[in-house]
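Shown next, in structure tokens, is the structure this report addresses.
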Amino acid sequence: MTVEVLSGKVFLLITGASQGIGRQIAVTFSEHLAKGSKLLLLARNEAGLKETADKIPKHVEVAFHGVDLAGATADVLS
């Protein structure tokens, strides 16, 4: 994927964002997002998500939620 895809305002959801590759993807992609873009971070470890959110540039609106998607069903996700 090229950076041009992220040039306008976008909504980006990243799972596994509390550590490792997921965290690095969130931080790296957020550096290329336009002002006003929205980033939603999901993972089981909410404390780790907070750490990731703190690394996101201020021009990106970031929200995070601790959730385990491994056994999720439609009623849990609604």
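Give me log10 I(q)/I(0) at q = 0.20, 0.25 Å⁻¹ for the range 4-68, Debye formula, one equal scatterer per alpha-carbon, no solvent.
Each listed q corresponds, in turn, to -0.65, -0.98.
I'd like the Karplus ³J(HN,Hα) series for the range 29-44: coefficients 6.51, -1.76, 1.60, θ = phi - 60°, whole numbers in Hz, and an x wherever there's a Gly or Pro.
Along the range 29-44, the couplings run 5, 4, 5, 9, 7, 6, 4, x, 5, 10, 10, 10, 10, 10, 5, 6 Hz.
Could you sort 62-73, 29-40 so that the peptide with the highest average Cβ count within 10 Å comes first and the rest follow in order?
In descending order of packing, they fall as 29-40, 62-73.
How much net charge surrounds LYS9 when only other residues with a Cβ under 13 Å from its Cβ are counted (Lys, Arg +1; Asp, Glu -1)?
+1
Tell me, what is the FRET efficiency for LYS50 and VAL10 to the nearest 0.05, using R0 = 30 angstrom and their Cβ-Cβ distance as r?
Working from the Cβ atoms, E equals 0.85.
Short version: ³J(HN,Hα) in whole Hz for each residue of the range 18-24, in order, from phi by Karplus 6.51 cos²θ - 1.76 cosθ + 1.60 (θ = phi - 60°), x for Gly and Pro, what are they?
Result, ordered by residue: 7, 6, x, 4, x, 5, 5 Hz.
Per residue of the chain, what 222 nm ellipticity follows from adding -39500 (n - 2.57) for every DSSP H run with n ≥ 4, rounded to the nearest 500?
The per-residue figure over the chain is -8000 deg cm²/dmol.
For the range 4-68, calculate the relative contact order in percent as a whole number, restricting contacts to Cα pairs under 8 Å that are 6 or more residues apart.
The normalised contact order for the range 4-68 reaches 36 percent.
Just so you know, all these numbers are worked out from the coordinates, no wet-lab data involved. Everything quoted here is computed from the prediction, not taken from an experiment. Heads up, the Cβs are rebuilt from the backbone with ideal geometry, glycines too, and the neighbour counts pull from every protein chain shown.
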